[in-house]
Each structure stands twice: as C-alpha cells, then as structure tokens.
Amino acid sequence: MKPLWTPSRERAQDSELARFMKLAGKTSYEELHRWSIERSADFWELVWRFAEVRGEMGDRRLIDADRMPGARWFPDARLNYAENLLRERDAAPAITFWGEDRVKRRLSKRQLYDLVSRIAQALADAGVKKGDRVAGYLPNVPEATAALLATAGVTAAAADLETVVCGKLTPEAKALVEDAKRFLAESKKHHADARAKIDHANAMWKARAALAEAESAAAISTP
C-alpha cells in the first residue's frame with residue numbers, strides 16, 4: 001500500500017520520534033518497536049525521562065504488562081499534573097476557545113498560568129486543603145480548565161457536575177459531591193439553543209441547596 005504522505009528526510013530527522021530513537025540508541029522504528037515490547041519497563045522509563053515529567057517516578061515502571069485491560073504504568077509515581085501542564089509561561093497559545101454562541105477567546109500559557117494562580121490562591125484562602133473535594137458546575141469555557149488545574153494545584157480532588165440539569169442533581173452526581181468543600185458555578189447562560197437556555201445563576205443556587213454538606217459556594221465569571 002502506498003502511503004498518502006511521506007515526510008522529507010530532513011523533516012523526519014528533526015522529529016520528536018527521531019530524537020527519542022537517538023536517546024534510546026535505536027537506528028530504526030522497527031528496532032525501537034521491538035525494544036519497547038521486549039524491554040517494556042525500560043522503554044517507559046525512557047518515555048518519562050524524555051518527556052521531562054516533573055515528579056517522583058517510583059520504583060516500578062510497569063506491572064501486569066501482559067494484561068489489557070489491567071496493565072499499570074508507574075504505580076508508585078507521585079506527580080502533580082497542574083505543575084506539569086503549567087511549566088511553560090510564555091506567549092504561546094494554551095487554549096483556543098470557540099463557544100456555542102460563537103464567542104472566540106485565546107489564552108496564552110502565561111495568561112492561563114496567572115488565571116490558575118488566582119483561583120488556586122482563592123481556594124487556599126477559603127481553606128481548601130489536600131484531600132478536600134471541589135465540585136464544579138461549569139460549562140466548557142477556559143475558566144473550567146483553569147478551575148480544574150487550580151484544584152489540582154492545591155492537591156484537592158475535582159468533580160464535574162455536568163449531570164446537573166436545571167438545578168436537579170442526579171443520584172450519581174449528588175453522591176460525588178456530598179462532602180464537597182467548595183461549589184464553583186458559572187453564573188452566565190451557557191446553552192446556545194433558545195429552547196434549552198438555562199439561567200445558570202438560579203440553577204447554581206438550586207443545586208447548592210441539594211448539597212447539604214457543601215461548606216461554601218463561589219461564582220466564576222467569564223468575559
């Protein structure tokens with residue numbers, strides 16, 4: 001079968017795969033693939049190092065490699081994915097958003113980092129600590145991503161309440177957040193379909209009323 005596209009020799013040599021192969025000491029993709037199967041633990045350790053993952057790798061790289069599903073990678077590892085995702089703070093784009101109402105927004109890596117930092121500080125000031133749960137009733141906007149990363153930044157657990165409809169919690173959603181420390185809510189209208197529009201401010205308070213164990217609530221506004 002003839003491939004639809006083949007990179008030039010120069011482009012192939014400048015690829016991330018070529019750099020990884022060189023680091024692994026392999027001269028071809030076939031050799032790399034064979035090594036990844038025969039020495040899986042070594043392969044995945046090199047992937048961790050090549051990707052410059054920030055965290056503690058732990059002693060074990062891969063267990064139950066022959067089970068699928070069931071294999072587990074780096075079972076002893078400890079890392080914070082917010083720290084890894086926010087390591088770069090330049091003007092390069094981090095999020096390109098196009099909403100249902102056709103609103104377009106872009107956040108640079110620097111802007112995303114600053115937004116996450118502000119939300120994380122607000123959570124910390126409110127007493128959120130490791131082990132707490134943060135429940136979010138948020139549409140798919142950049143602030144939702146920032147809230148999730150901020151929650152991870154203070155090592156709390158996050159839950160997304162997309163199963164909340166018009167302020168009524170499904171049993172599954174309520175079970176997730178019965179002991180939520182915070183309840184973050186988007187106060188603006190989210191749905192573009194006029195027949196499905198919901199006043200999220202009212203829905204937030206109705207939903208919060210169902211969360212008897214929630215200690216406090218906060219609203220995240222968007223431009």
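No lab work stands behind these numbers, since they all come straight from the coordinates. Everything numeric in this text was worked out from a predicted model, so none of it was measured. When we count neighbours, we look across all protein chains shown, and the Cβ atoms used for this are built from the backbone with ideal geometry, even at glycine.
What order do you get for Thr155, Thr27 when you list them from fewest to most C-beta neighbours inside 10 Å? Mind showing how you got there, number by number?
Values: Thr155 13, Thr27 10.
Ranking Thr155, Thr27 by Cβ neighbours within 10 Å, fewest first, gives Thr27, Thr155.
Extending each Cα 7 Å along its Cβ direction at Ser117 and Lys26, get the distance between those two points in nm, one decimal.
Reported label-point gap for Ser117 and Lys26 is 4.0 nm.
Diagonalise the Cα gyration tensor of the range 9-77 and give the resulting equivalent ellipsoid semi-axes, square root of 5 times each eigenvalue, largest first, whole Å. If you can, show how the numbers build up before the last one.
On the way: eigenvalues 118, 47, 16 Å².
Whole-Å semi-axes of the equivalent ellipsoid: 24, 15, 9.
Taking the Cβ of Leu149 as the centre, find all other residues whose Cβ is under 11 Å away and add up their charges (Lys, Arg: +1; Asp, Glu: -1).
On the way: positive: none; negative: Glu83, Glu143.
Spelling it out: positives minus negatives among the neighbours equals -2.
Starting from the Cα of Ser15, step 7 Å along the direction of its Cβ; do the same at Arg110; then give the gap between the two resulting points in nm.
For the pair Ser15/Arg110, the computed spacing is 3.4 nm.
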